[in-house]
1. For residue B:181, indicate whether it is touching a residue at least 40 places away in the same chain (Cβ under 8 Å), within 21 Å of the chain's Cα centre (by Cα) and more than 16 Å from residue B:40 (Cα to Cα).
2. What's the number of the condition residue A:226 fails, among (1) buried (at least 23 other Cβ atoms within 10 Å of the Cβ); (2) within 23 Å of the chain's Cα centre (by Cα); (3) more than 9 Å from chain B (Cβ to nearest Cβ); (4) in a helix (DSSP H, G or I)?
3. Starting from residues that are in contact with a strand residue (DSSP E or B) (Cβ under 9 Å, 6 or more places away or on another chain) and more than 7 Å from chain A (Cβ to nearest Cβ), keep the ones in the stretch B:142-151 and report whichever is farthest from residue B:35 (Cα to Cα).
4. For the structure I just gave you, tell me whether residue A:167 is more than 9 Å from chain B (Cβ to nearest Cβ), on the phi > 0 side of the Ramachandran plot and part of a loop (DSSP other than H, G, I, E, B).
5. Is it the case that some residue within the stretch B:208-219 is more than 22 Å from the chain's Cα centre (by Cα) and exposed (fewer than 13 other Cβ atoms within 10 Å of the Cβ)?
6. Kindly provide the set of residues from the stretch A:28-61 that are closer than 15 Å to residue A:1 by Cα and part of a loop (DSSP other than H, G, I, E, B), ordered by number.
7. In the set A:168, A:110, which member is without any contact (Cβ under 8 Å) to a residue 40 or more places away in the chain, assigned by TED's automatic domain parsing to the domain that holds residue A:52 and surrounded by fewer than 24 Cβ atoms within 10 Å (Cβ to Cβ)?
8. Any residue at all in the stretch A:63-78 that is away from chain B (no Cβ under 14 Å) and crowded, with 24+ Cβ neighbours inside 10 Å?
């Protein structure tokens, strides 16, 4: 028996979310008195792989095959399922990010394993296997029973945190002998913006709404995010108007994020917006309307004009960074 | 080319969610039901593709797993412009059950391109689309924000961490779509509403299947502490609190 965790490879490196996933898998494995096996697909050197041991992986399986160079949901799910069967995995853990969302449903069908999608804490109990999952876009938690022998969990990014352990992991580079079949997807083009803090990875997010008044006013907001080492985001009307790219839209139909700090600037805080940000650890609201619903979700608030407050905040942050 | 758009009906996104029967089920009193927002965008894109002769798209069908209670949502999809609709007459017990039923219908009806929203705004599983693809053994992409048909082949853009990938797929295939796939959801015209009345809704009875998960009870998230207001003339105080009290910067 084991807990299998799928850790993603970004150009040969792990990200914080991989370590968070392994930390979470360690927590689940402790509940089941078993060990954590981590799996990654793609080229990665030993120094990087071994880092997973610090978060509780006992064994690390690394698979590098030319046909798995790009994410092909069918082929990757087949490889993960093969490892899961071979290692007698009782629980399989993936991220709740786009990759996890692409692979978890296929694994569920392959292994006839029930999925707890969007968990943010450890299972309530393992007999019967019960988890809390996100429901009604953050307006509720659903206590959910997973009835199958094998379970799959997807973890909301930034919701669990890291826990380091003294642990020495064993490494295995294996060539899983499985036929992944003909690859039916072909990647024609890749566009990446290097060096940018990703909204879903960011610990701090500064987000603007209609209160920013014009796409030309974003300068101080971007500066504030950059000074804090955070990412920028926006509300739906802002992305619908084309003031900011839709990738920045946070809310029910956009990105769902749980940063440590979410600064909402000129955002009123409609239910749909809060659905995407309500699991942030701290919310700061800056809005001219003191009755705006965003202040009900916020721990700290400033009633004032975003365009006047932002430059002062930028100055204040510069002051502490000196 | 035949397109199938899978639709879910969900409470209007402004609904204040309440539960009933000891918090075991959603209190549906007063709820306005709508097409799941991502499914609505997906339907809009499917119709745009059909209107462009170069794509070779001949028809757009919608499919839904639900009881007669959700017929109004299906009629709305027909009014927006879907050519026909399929309803599997069952409560969608969980993602696995729902995907199983839809896959069964797709096997019988045969479609070249299947489109599903990335999640439903009620149970937020992000599972049904990928499960259908696996049941059918067809390729799929997740987080698709753009979809075109070039020389009979679907070409999609998917969002990856830190960027985008343009990917071409063989048919039949499935797209799990997210925001960006269409600019704004299409609204039914008066003429659309009239013609929807005469369009066919095919009813399929469900095939036997057991759900793999069960919701035991719903809980509301813990309420947050009251907001602490800071003088707008002194934002430095906010930075001080974030640094020393919240310890997040």
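The values are calculated or read from the model by the stated rules, or taken from the named source; none is laboratory data. None of the values given here were measured: they were computed from a predicted structure. Don't worry about glycine lacking a Cβ; one is built from the backbone with ideal geometry, like all the others, and counts go over all protein chains shown.
1. no
2. (1)
3. Only one residue tops the list, namely B:150.
4. no
5. Yes, some residue in the stretch B:208-219 is more than 22 Å from the chain's Cα centre (by Cα) and exposed (fewer than 13 other Cβ atoms within 10 Å of the Cβ).
6. Within the stretch A:28-61, A:33, A:34, A:35, A:57, A:58 meet the criteria.
7. From the options A:168, A:110, the qualifying one is A:110.
8. Filtering the stretch A:63-78 down to residues away from chain B (no Cβ under 14 Å) leaves A:63-66, A:68.
Now restrict to residues that are crowded, with 24+ Cβ neighbours inside 10 Å: none.
So far as the stretch A:63-78 goes, no, none of its residues is away from chain B (no Cβ under 14 Å) and crowded, with 24+ Cβ neighbours inside 10 Å.
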